[in-house]
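To keep things clear, I will list the structure first and then write my remarks on it.
The values are calculated or read from the model by the stated rules, or taken from the named source; none is laboratory data. This one's a predicted model, so the numbers in the text were calculated from it and none came from an experiment. Counting neighbours? That spans all protein chains shown, and the Cβs are built from the backbone with ideal geometry, glycine included. With ligands, DNA and RNA removed, areas are computed over all heavy atoms of the protein, side chains included. Shrake-Rupley method; radii C 1.70, N 1.55, O 1.52, S 1.80 Å.
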Amino acid sequence: QVQLVESGGGLVQPGGSLRLSCAASGTIFRLYAMGWYRQAPEKQRELIASITSGGSTNYADSVKGRFAIFRDNAKNTVYLQMNSLKPEDTAVYYCNTHPFRTTYWGQGTQVTVSS
C-alpha cells in the first residue's frame, strides 16, 4: 500500500534550477531515512542525496554544493532543491527510503538539462 510520487521535473537550461517533490503515503514517513536517486541512460541507479529521520544529510560528490535535500514530516514530503544544473544531471529522479526498498519505487520524474 506504500506509494511514493515524484514531481517537479522538466526541461531546464544549464545553470538553471528545479525543485523536486516526493509525496509519501501508506507509511509512517517520519520514521524512515529517505533518499533521492537518479538513473541516466545506460547507467545504474545511484543515490545522490539522503536525509535521516533526524535531519542529517549526505550527498554524492557529483552534486555536493549544488543540491540540497530536506523534508517536511508534517506533509509527508521530501524535497530536492537542484541549483547550477549541468547536462550530466539529466536523468530520471526517484525517491525512496535509504536503504531503498525495491517495492517502493515510483515512476520517477524526468529532469533534462540542455541548451
Inset, instruction - Inspect region 52-68 for any residue being under 19 Å from G106 (Cα atoms) and of a type outside the set (S, T, Y) and give the result as yes or no. - result: no
Inset, instruction - Filter region 68-104 down to residues that are in contact with a strand residue (DSSP E or B) (Cβ under 7 Å, 6 or more places away or on another chain) and without any contact (Cβ under 8 Å) to a residue 24 or more places away in the chain and give me whichever is surrounded by the most Cβ atoms within 10 Å (Cβ to Cβ). - result: A68
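Could you list, in sequence order, the residues of region 1-33 that are among the aliphatic types (A, V, I, L, M) and over 19 Å from Q110 (Cα atoms)?
Of all residues in region 1-33, those among the aliphatic types (A, V, I, L, M) come to 2, 4-5, 11-12, 18, 20, 23-24, 28, 31, 33.
Correct list: V2, I28, L31, A33.
Limited to region 57-67, what total is found for residues that are within 17 Å of N96 (Cβ to Cβ) and open to solvent by 40 Å² or more (accessible area, probe 1.4 Å)? Reasoning before the result, please.
Here is the first cut: in region 57-67, the ones within 17 Å of N96 (Cβ to Cβ) are 57-60, 63, 67.
Now drop any that are not open to solvent by 40 Å² or more (accessible area, probe 1.4 Å), which leaves 57-59.
Qualifying residue count for the region: 3.
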Inset, instruction - Would you mind listing the strands (runs of 3 or more DSSP E) fully within region 13-108 where at least 2 residues are polar (S, T, N, Q) and on the phi > 0 side of the Ramachandran plot? - result: none
Inset, instruction - Among the residues of region 20-36, write down those that are surrounded by 21 or more Cβ atoms within 10 Å (Cβ to Cβ) and modelled with pLDDT of 95 or more. - result: L20, C22, M34, G35, W36
Inset, instruction - List the number of the failed condition for V111; all other conditions in (1) in contact with a strand residue (DSSP E or B) (Cβ under 7 Å, 6 or more places away or on another chain); (2) open to solvent by 60 Å² or more (accessible area, probe 1.4 Å); (3) not small (G, A, S) hold. - result: (2)
Legend entry - Residue list for region 44-67, restricted to those being basic (K, R) and without any contact (Cβ under 8 Å) to a residue 12 or more places away in the chain: K64
